[in-house]
Amino acid sequence: MSKKIIFIMSLLLITVLGACSIDTTKNDKEYTSQELQRLCRIEVYSSEDNSLINTIEDSDILFKFNQWSSEITGLSGEKNEIKEKLEDSESLYCIAAYKSPAALHKDGELEKNITVTIFKDTNMIKVEISPEAIKSFSVPSEYLTFYEDITDEKMQFLISLATSSLNDDKSDSIQAVK
């Protein structure tokens with residue numbers, strides 16, 4: 001009988017300690033590599049002189065960018081028509097997103113995943129998927145380029161990535177995506 005009581009008390013103690021540890025290990029602000037889909041860095045370049053404007057490694061902003069990029073559907077219709085519309089538009093920024101490699105032999109060297117080009121006076125963007133992002137076979141670059149007409153809020157979020165005050169006031173830019 002005494003062994004049963006000790007066994008039941010042990011199970012009860014393990015259960016209580018296990019339940020207490022759940023809340024202490026939960027972290028609401030940090031995202032896992034899986035939640036970020038290995039996205040590690042965003043770099044924003046000026047389209048005029050291709051100079052680096054901003055580098056972003058904040059996990060909250062990376063998560064919002066990942067949410068935005070997963071919603072890209074591309075425009076239906078002729079790419080040539082869309083290209084002609086954008087020929088007259090001036091590009092403002094190029095945003096490059098980098099992911100950590102899945103393979104261990106890369107020694108931490110980041111891989112470019114996508115490049116987003118923002119144009120002046122339009123909500124149309126150009127999204128180019130990096131050929132290196134597709135590992136199983138080669139795909140011609142014309143099949144890796146998409147055009148998207150995005151909302152004003154999403155455009156403001158992308159433009160806010162270029163501003164240096166983003167790190168000081170990141171809550172406003174994160175709210176813009178919602």
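The values are calculated or read from the model by the stated rules, or taken from the named source; none is laboratory data. Fair warning: this is a prediction, and the values are worked out from it, not measured in the lab. Note: ideal-geometry Cβ built from the backbone for every residue, glycine included; neighbour counts use all protein chains shown.
Values computed for the structure shown
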item: Residue tally, condition surrounded by 11 or more Cβ atoms within 10 Å (Cβ to Cβ) and either within 20 Å of the chain's Cα centre (by Cα) or of a type in the set (D, E, K, R) (or both), over the range 136-156; result: 12
item: Residue count, the range 136-145 (criterion: among the hydroxyl-bearing types (S, T, Y) and either in contact with a strand residue (DSSP E or B) (Cβ under 7 Å, 6 or more places away or on another chain) or outside any loop (DSSP other than H, G, I, E, B) (or both)); result: 3
item: Yes/no for C40 being closer than 20 Å to S160 by Cα, at pLDDT below 85 and either out of contact with any Pro (no Cβ under 8 Å at 6 or more places or on another chain) or in a helix (DSSP H, G or I) (or both); result: yes
item: Every pair of residues 6+ apart whose Cβ atoms lie under 6 Å, when the first sits in the range 142-157 and is free of Cβ contacts under 8 Å to residues at least 40 places away in the same chain while the second is assigned to a helix (DSSP H, G or I); result: E153/A176; Q156/A176
item: The range 146-178, residues that are modelled with pLDDT of 85 or more and assigned to a loop (DSSP other than H, G, I, E, B); result: I150, T151, L161, A162
